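In what follows, a single structure is set out as C-alpha cells and then discussed.
The values are calculated or read from the model by the stated rules, or taken from the named source; none is laboratory data. Computed from a predicted model, the values in this text were never measured in an experiment. FYI the Cβ positions are ideal-geometry reconstructions off the backbone, even for glycines, and counts take in every protein chain you see.
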Amino acid sequence: MLHIKCPWCGWRDESEFGYGGEAHIERPKDPDSVSDAEWADYLFFGSNRRGDFRERWVHSAGCRRWFNAVRDTTTYEFKAFYRMGEEPPGGEQ
Amino acid sequence: MSQTKRLQSGGRIDRSKPLTFTFNGQSLQGYEGDTLASALLANGISLVSRSFKLHRPRGIMGAGAECPNSLVQVGRGAGTIPNLRATQTELYQGLEANSVNCWPSVKFDVNAVTGLFSPLLPAGFYYKTFKWPKSWWDKVYEPRIRKAAGFGKAPTEPDPDRYDKKNRHCDVLIVGAGPAGLAAALEAGRRGARVILCDEQNEFGGSLLANRQYLDGKPGIEWAKTAVAELESLEEVTLLARTTAFGHYHHGFVSLLERVTDHMGLTSPDGRPRQRQWRVRANQVVLATGAIERPLVFCNNDRPGIMPASAVSTYINRYGVRPGQRAVVFTNNDSAYQTALDLNDHGIDVAAIVDVRPESDSVLVDRARKEEIPIYGGYAVVDTRGGQHVSGVKVMRLNGRGDGVYGEIHHLDCDLVASSGGWNPVIHLHSHPGGTMRYDESIASFVPDQAVGNTYNAGACNGNFALGGCITEGLSAGATAAAGVGFGSEDIEGEAPATGKQQESPLRPMWRVPSRKAIPRAPKQFIDVQNDQTSADVYLAVREGYRSIEHIKRYTAMGFGTDQGKLGNINGAGIAAEALGEDIAKVGTTTFRPAYTPVTMGAFAGRELGPERFHAVRKTPMHKWHVDHGALFENVGDWKRPWYYPKPGESMREALDRESYQTRHAVGVLDASTLGKIDVRGPDAAEFLNRVYTSGWKTMEVGKARYGIMLSEDGMIMDDGVSARIAEDHYHMTTTTGGAARVLGHLEEYLQTEWPELQVYLTSTTDQWAAISLAGPHARDVVAKVVSGVDLSGGAFPFMTWRDCEAAGVPARLFRISFSGELGFEINVQANYGQYVWDAVWEAGQEYGITPYGTETMHILRAEKGFIIAGQDTDGSVNPMDFGMHGLLSKKKDYIGRRSLSRPDAMREDREQFVGLVTLEDPKEIIPEGAQLVEEPNANEAPKPVPLHGYVTSSYYSSTLGHSIALAMVKRGRERMDDVLYSPQADGRVIQCRITSPVFYDPKGERQNV
C-alpha cells in the first residue's frame, strides 16, 4: 500500500488513487502529421525506466484530479509530486 | 496420572489455574499459560500428526511459529479451525483438539504404507506420475490425491465470530517485544513519540521468557516486566500482545493480526471480535523479530522427540515441562550447551553433547565440562532409531572437511534429541518490501543488508545474538527512529542494563550431516518435515537441471507448507549450494512474502461480509416496484436490473414472448434509470463533445439529441450512447450502464491532461435522474396522458429530439428516442419522483395493455433491429468500420481514436465484420453466445486446427420473427451474405447457419418514425 501525496488533498493511501502510466507523453497535436510508426510509439511504447520514473496518478476516490509523480521503480520511493502542467523536478530525463 | 512430564516447579504457567482439554478424545489437564503443545508434552504426548506425503509419525518439534509439525484441528462445528499450530495455540478450559492428516488415528494411519513406496514418490512425482491417461485427471487422480493429502477440514457453516479492522498511524512501529524491541520502545517512548509495540506472544519478553539470562543482576524477565510497566505508563505508547505483524509493505505500511479472544474459547465471549486486523501506517519501522534456531539435518531426523535445542529449553524454562528422560544434544555451536545445562539442572540425563567441532572453548562449554556431561567433539549424529518416538542415535566421527564420517558407530539410547545448526535471523519483514540481505559467514546465515524506507533492524534479526548487543541495538534503533520524527537526536539517551560477558567460540557451518551411504540410498534426511522434503530431493532437482533456488523450491515443494520453511529453508539453500558446488552466499534464499504466519480469512473480510456488504449494490428508485411485480434481476455493473417479469406458471421463454409481443403491438415500459448520465457544461462543451465522439456535434441544435460512439485512442469502440443538447453550453450525455464510470474517467483524463485549455465541467448525474422508457405503438397515447406542456405530434416533436415538460405535475425532460425500433419516449425526472411518475405511467398505460419488460426483452428487441450493445457485441478489439458505422466517422475534424483507424491493421480487409445469423436445420435453435464459426461442415473430424471464421456475440429467440436470431463477427462478413457457416458445439452437435444482415426487423425504421 503506497503512500501518495495528492498535490491538492495531501497524503493518502494508494487505494484512493488510479495509476496512469508514464507522464509527459503528449498526444501529437496533429495526428495526421505523424507516421504509423510514430503513432504506434505514442500509443503503445513507454520508456519502462529502471530508477526514477515520471508517472501519472489520479486521485480517483478523492478530488479526481490528475497529477504527476517521480518514483524510483526499484525502491518505490516517491521523489516528488507535482501538478499537471508544472515542470518536472530534475530537468530532462 | 495427569501431567507426568511436568517439572515440580518453574515456568511461566499458573499452577493454581488448571485447565481441562481434550486431544483426540482423551481428556487431559494443563495450566493457564500453557500452549496446547506444552500441555500435550506435559502429559507425555509427543506424537501429534502425520506428515503430508509419507504419513510418517510427527511430534511437536518447535515451540512457536516455526513448528512445522504440530498442526491440529481445534473445536468443531461452525467455529472449528483447521491447521492451527499447537505451539501457538494458548490453552483454554474445554479446548478440543484433534490430529489432522491421519486415518483412522494418529497412532495407526492406513496411509503410512505410502512410506514403503517412498522411492516411487521423489521430488516432482506429481508432475511425472499423474500425466496420463488424461481421462484420469479429474476422475481418479485428483479425488484420490485430495483424499490422501491435505490437512485439516474447513468448517462448512458460516463463521459465528466477528472480525474487525482498524487503521492507525504512528511515529514508530516496533515489531517484537524481546530485549531489543523493549529497549527500542523505551528509547522512543520516553521521548514522547507515538509508539506501537506488538508481539505475537501472549506476554512481552521474547527470548527472556524462555531463557535464564540475567540483566542488572536479576533474571532477564524481571527487567522486561519493569520495562513493560514503564511503557504502559506512557500515554503515546500502545502495547499489543498476541499480535503478529504479518506483512510489511511500502512506505511504512504494516499489517498486524491481533488475536483478541482466540485464547478465551472457541467462540468470542461478550460480543468481542475474535481477531482484529490493524492496518498501520508508521513513519518509522523498527524490526526486532529475533531469530529462529535451525536444526541439523541428519538421517531419520524427523522422529518425534527430535527438536531444536532452543525449543527444548523453552519447554523446560517457560512451561515447566520435562520433554524427555534422557537427551542427546547435537550441535555445531555454543548455544545448545545452554540447553544441555538446562536439561542437566532439571535432572534430565544428558547422555552426550555431540559437537561437530573438534575443539570448542567458551564459558558454556566449560560449564558443561564441569557438570561432567560427556562431550563428543568432532562427532556427528548420523542416524536415529525409533518407531513412534526416537529411542536412540548413532554417532560417528566426522572427517576434517566435514563431508564424511568414519570409524566405530556409537549407539546412544535417548528419548530426546536437541539439535542446533545455528540461528537464522527472522528477516521476513525486512525482506517483504524489497529489503536486501547478505550472507554473514560468522553466523552462517543471511542478515539484512539494505532496508527499504525508514526501517531499522535491531538485535537477533540483525544477526546480533548476544543479549547485551540486542539491547544496545534496540536502544540505538529506537533513538534513530524517534529522531527521524523529530524527537531528539540519534544518540542513545537511555541506559543499557548490565549483562554478563559471554565468550563464544565460532560455529562450524553444517547444512547436512554426511550419511554413511550415498544420498539416494541413505535414509531420509528431512529438510522440510511438513512436506517430507529431503536432501535427496534437492540433489535430484539439481541433477535434473534446476539451478535457481526458486526453481528448486518449486520442484521439491520445499517450504510450501503452512510453516513456509521457517526451520528448513536456509538448510535447504545450503544443501542446494552443496549439490550445485556453489557458495551459499551466491545461491541465496527464496523470496520472503507476506503473510509471515497464516491469517484467517475473517480478518481480511472484517465486517464486510455477505452479498449486501461485500460489494456496493445499486438499485433504481423503482426497485421495490419491480420486486413487487415479480421481476427477476440480473447484475449489470453494480446495478440490479429487472431481467424479466414472469407471471405465475410462466416459463422464461413465455414471459419474454409476452413482453416483446406487448411492446411490439401495444406498449412496454422499461426502467432505464441505470444508464450512465453525465452533465457536460461550459463554453467549450460543444468542442469537447466534437473531440470525444466520432461524429460531428457542433452543428446539433438545442432541443436535439444524437447517437454517438466513443473510441479509445487505439481506435476501438469504447462506449456509445445518446447525448442531447440542453443549451448552447450544456449537454446531457448518456453512457452504457456498465461503462458510466469508465467514460467519466476517460473524459476527465483528456480534459485535465491533454486539453486543459478547454472550459468544460463534468458532473455524474446517473443517480440524480430516474428514467422511464416507453416503447410501442401506444407509447404516445400513454405519454399524452402523463405529460403536459409538449406537442407530442410527430411533426412538432420528431424522432431524436427532447423537450422540457411536466410529467404527472413534476418537472421532467422528455426524450424521443428508441432502442427497440418502436415509437419510443423516455421520461426523465428527478430521482426522488421516479416511483411517483412510474406509478402515473403504469396507471395511464392500463387501458393500452402496458407491460413492464426487463433487460432480456430489451436485448431481443434491439437485436431484432441490429443495434449493438457496447461490451456485449464489442470487446475492445473492434473498430467502427467493423460495424459498418462509416457514416458516424466525421472526416472534417480530429477525434480520439481517429488516427488509429488508418493504421494498417484497422484497414485490413479480412477483419471480422458485424453480421446477423439464422439457423438452418431448426430455425428455432439458439446458437450459444460465444460459439465459434467455421466453414468446415465436419469440424469435429477435420484436421486441427480448423480455420476460424468468426464467433457469435448475441443470440436470442425472436417471437416476433418466429425464429432464432444471432449477431456475430465474421471475417469479411458483409461480402458473404447468405453464405453458410457451421458452429461445432462441445457436445458434438454442429449448428448450420446462414449469414444475414444484422437488421432483422423493420430495416427502413418506419415503426419508430411515426
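When you go through B:Gly715, B:Gly739, B:Gly745, B:Gly696 one by one, which is the residue that is closer than 28 Å to B:Cys805 by Cα and either more than 11 Å from every other protein chain (Cβ to nearest Cβ) or of a type outside the set (D, E, K, R) (or both)?
Numbers: B:Gly715 fails: closer than 28 Å to B:Cys805 by Cα; B:Gly739 fails: closer than 28 Å to B:Cys805 by Cα; B:Gly745 fails: closer than 28 Å to B:Cys805 by Cα.
Within the list B:Gly715, B:Gly739, B:Gly745, B:Gly696, the selection yields B:Gly696.
Considering only residues in segment A:62-84 that are out of contact with any helix residue (DSSP H, G or I) (no Cβ under 9 Å at 6 or more places or on another chain) and assigned to a loop (DSSP other than H, G, I, E, B), the one that is nearest to B:Gly453 (Cα to Cα) turns out to be A:Thr74.
Of all residues in segment B:851-870, none are out of contact with any Pro (no Cβ under 8 Å at 6 or more places or on another chain), among the aromatic types (Phe, Trp, Tyr), outside any loop (DSSP other than H, G, I, E, B) and more than 14 Å from chain A (Cβ to nearest Cβ).
Yes or no: segment B:177-187 includes at least one residue that is among the acidic types (Asp, Glu), touching a Leu at 6+ places or on another chain (Cβ under 6 Å) and at pLDDT 95 or above. Yes, segment B:177-187 contains at least one residue that is among the acidic types (Asp, Glu), touching a Leu at 6+ places or on another chain (Cβ under 6 Å) and at pLDDT 95 or above. The residue of segment B:232-253 that is nearest to the other protein chains (Cβ to nearest Cβ), among those that are β-branched (Val, Ile, Thr) and free of Cβ contacts under 8 Å to residues at least 60 places away in the same chain, is B:Thr243. Filtered by the rule that a residue be within 9 Å of chain B (Cβ to nearest Cβ), within 21 Å of B:Val254 (Cα to Cα) and of a type in the set (Asp, Glu), segment A:1-30 gives A:Asp13, A:Glu14. Taking the criterion of being assigned to a strand (DSSP E or B) and small (Gly, Ala, Ser), the residues of segment B:58-105 that qualify are B:Gly59, B:Ala97, B:Ser99.
Looking only at residues of segment B:262-287 that are crowded, with 19+ Cβ neighbours inside 10 Å and of a type in the set (A, V, I, L, M, F, W, C), we find that the one that is farthest from the other protein chains (Cβ to nearest Cβ) is B:Leu266.
Taking into account only those residues within segment A:52-61 that are touching a strand residue (DSSP E or B) at 6+ places or on another chain (Cβ under 6 Å) and part of a loop (DSSP other than H, G, I, E, B), which is nearest to A:Pro7 (Cα to Cα)? Applying the filter and picking the extreme gives A:His59.
Here's the yes/no breakdown for (1) among the acidic types (Asp, Glu); (2) not in a loop (DSSP other than H, G, I, E, B):
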| residue | (1), (2) |
| --- | --- |
| B:Arg276 | no, yes |
| B:Val297 | no, no |
| B:Val312 | no, yes |
| B:Leu343 | no, yes |
| B:Gly347 | no, no |
| B:Ile353 | no, yes |
| B:Asp361 | yes, no |
| B:Arg369 | no, yes |
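Mind checking whether some residue in segment B:25-44 is over 26 Å from B:Tyr596 (Cα atoms), β-branched (Val, Ile, Thr) and modelled with pLDDT of 95 or more? Within segment B:25-44, not a single residue is over 26 Å from B:Tyr596 (Cα atoms), β-branched (Val, Ile, Thr) and modelled with pLDDT of 95 or more. For segment A:31-50, the criterion of being part of a loop (DSSP other than H, G, I, E, B), more than 10 Å from chain B (Cβ to nearest Cβ) and among the basic types (Lys, Arg) is met by at least one residue. Scanning segment A:64-76 for residues that are within 13 Å of chain B (Cβ to nearest Cβ) and surrounded by 15 or more Cβ atoms within 10 Å (Cβ to Cβ) yields A:Arg64, A:Arg65, A:Trp66, A:Phe67, A:Asn68, A:Ala69, A:Arg71, A:Thr75, A:Tyr76.
More than 19 Å from B:Leu889 (Cβ to Cβ) and in contact (Cβ under 8 Å) with a residue 40 or more places away in the chain - does that describe any residue in segment B:714-725?
In the first step, residues of segment B:714-725 are kept if they are more than 19 Å from B:Leu889 (Cβ to Cβ); the result is B:724-725.
Adding the requirement that they be in contact (Cβ under 8 Å) with a residue 40 or more places away in the chain leaves B:724.
Taking every residue of segment B:714-725 in turn, at least one turns out to be more than 19 Å from B:Leu889 (Cβ to Cβ) and in contact (Cβ under 8 Å) with a residue 40 or more places away in the chain.
Taking the numbered list (1) in a strand (DSSP E or B); (2) surrounded by fewer than 17 Cβ atoms within 10 Å (Cβ to Cβ) in turn, B:Glu843 passes all entries but (1). Of the residues making up segment A:51-62, none is within 11 Å of another protein chain (Cβ to nearest Cβ), more than 11 Å from the chain's Cα centre (by Cα) and exposed (fewer than 12 other Cβ atoms within 10 Å of the Cβ).
Inspect all residues belonging to segment B:762-770 and state whether any of them is under 18 Å from B:Trp697 (Cα atoms), touching a residue at least 40 places away in the same chain (Cβ under 8 Å) and within 14 Å of chain A (Cβ to nearest Cβ). Quick ask: steps written out before the conclusion?
First, the residues of segment B:762-770 that are under 18 Å from B:Trp697 (Cα atoms): B:762.
Cutting the leftovers down to touching a residue at least 40 places away in the same chain (Cβ under 8 Å) gives us B:762.
After this cut, where a residue has to be within 14 Å of chain A (Cβ to nearest Cβ) as well, the list is B:762.
Yes: segment B:762-770 contains one or more residues that are under 18 Å from B:Trp697 (Cα atoms), touching a residue at least 40 places away in the same chain (Cβ under 8 Å) and within 14 Å of chain A (Cβ to nearest Cβ).
Among the candidates B:Ser476, B:Ser431, B:Ser489, B:Ser419, the residue that is at pLDDT 95 or above and buried (at least 23 other Cβ atoms within 10 Å of the Cβ) is uniquely B:Ser419. Residue count for segment B:971-998, restricted to those that are within 28 Å of B:Ser660 (Cα to Cα) and under 41 Å from the mean Cα position of the chain (by Cα): 1. Taking the numbered list (1) among the polar types (S, T, N, Q); (2) farther than 17 Å from B:Tyr895 by Cα; (3) modelled with pLDDT under 95 in turn, B:Thr699 passes all entries but (2).
Here is a yes/no grid of residues against (1) surrounded by fewer than 13 Cβ atoms within 10 Å (Cβ to Cβ); (2) acidic (Asp, Glu); (3) farther than 29 Å from B:Met716 by Cβ:
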| position | (1), (2), (3) |
| --- | --- |
| B:Arg911 | no, no, no |
| B:Thr919 | no, no, yes |
| B:Ile926 | no, no, no |
| B:Pro947 | yes, no, no |
| B:Ser959 | no, no, yes |
| B:Gly962 | yes, no, yes |
| B:Leu967 | no, no, no |
| B:Val990 | no, no, yes |
| B:Val1010 | yes, no, yes |
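All told, B:Gly220 falls short of being over 35 Å from the mean Cα position of the chain (by Cα), more than 22 Å from B:Pro308 (Cβ to Cβ) and in contact (Cβ under 8 Å) with a residue 12 or more places away in the chain.
When B:Asp449 is tested against (1) buried (at least 23 other Cβ atoms within 10 Å of the Cβ); (2) within 14 Å of chain A (Cβ to nearest Cβ); (3) of a type outside the set (A, V, I, L, M, F, W, C), only condition (1) is not met.
Can you find a residue that is of a type in the set (Gly, Ala, Ser) and touching a His at 6+ places or on another chain (Cβ under 8 Å) anywhere in segment B:234-253?
Initially, segment B:234-253 is screened for residues of a type in the set (Gly, Ala, Ser), giving B:241, B:245, B:247, B:252.
Applying the additional criterion that residues be touching a His at 6+ places or on another chain (Cβ under 8 Å) yields B:247, B:252.
There is at least one residue in segment B:234-253 that is of a type in the set (Gly, Ala, Ser) and touching a His at 6+ places or on another chain (Cβ under 8 Å).
For segment B:722-754, a tally of residues being more than 28 Å from B:Met858 (Cα to Cα), in a strand (DSSP E or B) and of a type in the set (A, V, I, L, M) returns 1.
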